[in-house]
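Before any comments, here is the structure.
The values are calculated or read from the model by the stated rules, or taken from the named source; none is laboratory data. All values reported here derive from a predicted model rather than from experimental measurement. In this analysis, Cβ positions are derived from the backbone assuming ideal geometry, glycine residues included, and neighbour counts consider all displayed protein chains.
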Amino acid sequence: MSVEEIHLDEAVIERMAALNHQIYCEMMRANGYTYGPTRDDVLRTRPLLTDYAAIPETNKQSNRNVVASIPEKIHAINCIITTARSDAYLPTTEEIEFLAKMEHERYVVDMIKAGWRFGRQYNESTKENPTLIPWDQYIEGQFQEKYPEAIAKLGPGPLSEEERQKDRNQVKGYVTLLERSGFSLIKKP
């Protein structure tokens, strides 16, 4: 049986970015977060828990970047995106871990490009973020080779298990995102 790989054009990326944001909001609400005008980890509020149309452009672009990075990641585990199918592939635990590391690297690079740097506390006004750290020591070495100009903006690793789980959840959400977009993840034939 012939399988056609789907390539994500700008219109599809935009539609999927809105869905990605919706899935993020669902996940955060399921974990007890609510909308609040400011980010507060104690009160569990997030200003981004609103409609995609209402979030700042920088956050919309972040969602677009997540979606645009999916084909590269899934190719790394020998998969492709195709039209919806009943035999969609679910990544293994090992593949999810591998993809989560890739997702964290993408996130860190995007944040640094947007002017953020490591800080012990999240502070939007000074663009400091405690999650701008390497996944582990091995990844830190690879990161330094690939992005030498950014290494000074990273904090000391390794990434906490709680933060790693956020990246794993993002990757696990790819299957839901693809399904809601009318696509499936399958192994390359």
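Odds and ends about this structure:
- Index of the failed condition, residue 105 passing every other in (1) surrounded by 14 or more Cβ atoms within 10 Å (Cβ to Cβ); (2) at pLDDT 95 or above; (3) of a type in the set (D, E, K, R): (2)
- Within segment 67-121, considering residues that are in contact with a Ser or Thr (Cβ under 9 Å, 6 or more places away or on another chain) and of a type in the set (Lys, Arg), the one farthest from residue 7 (Cα to Cα): 117
- Only one of the listed residues (62, 86) is outside any strand (DSSP E or B), crowded, with 16+ Cβ neighbours inside 10 Å and among the polar types (S, T, N, Q). That residue is 62.
- Residue within segment 20-39 that is closer than 24 Å to residue 102 by Cα, touching a residue at least 60 places away in the same chain (Cβ under 8 Å) and touching a Leu at 6+ places or on another chain (Cβ under 7 Å) present: yes
- For residue 99, the requirement of being farther than 17 Å from residue 143 by Cα and either hydrophobic (A, V, I, L, M, F, W, C) or in contact (Cβ under 8 Å) with a residue 60 or more places away in the chain (or both) is not met.
- For the residues 134, 158, 148, 189, the requirement of being part of a loop (DSSP other than H, G, I, E, B) and either of a type in the set (A, V, I, L, M) or in contact (Cβ under 8 Å) with a residue 60 or more places away in the chain (or both) singles out 189.
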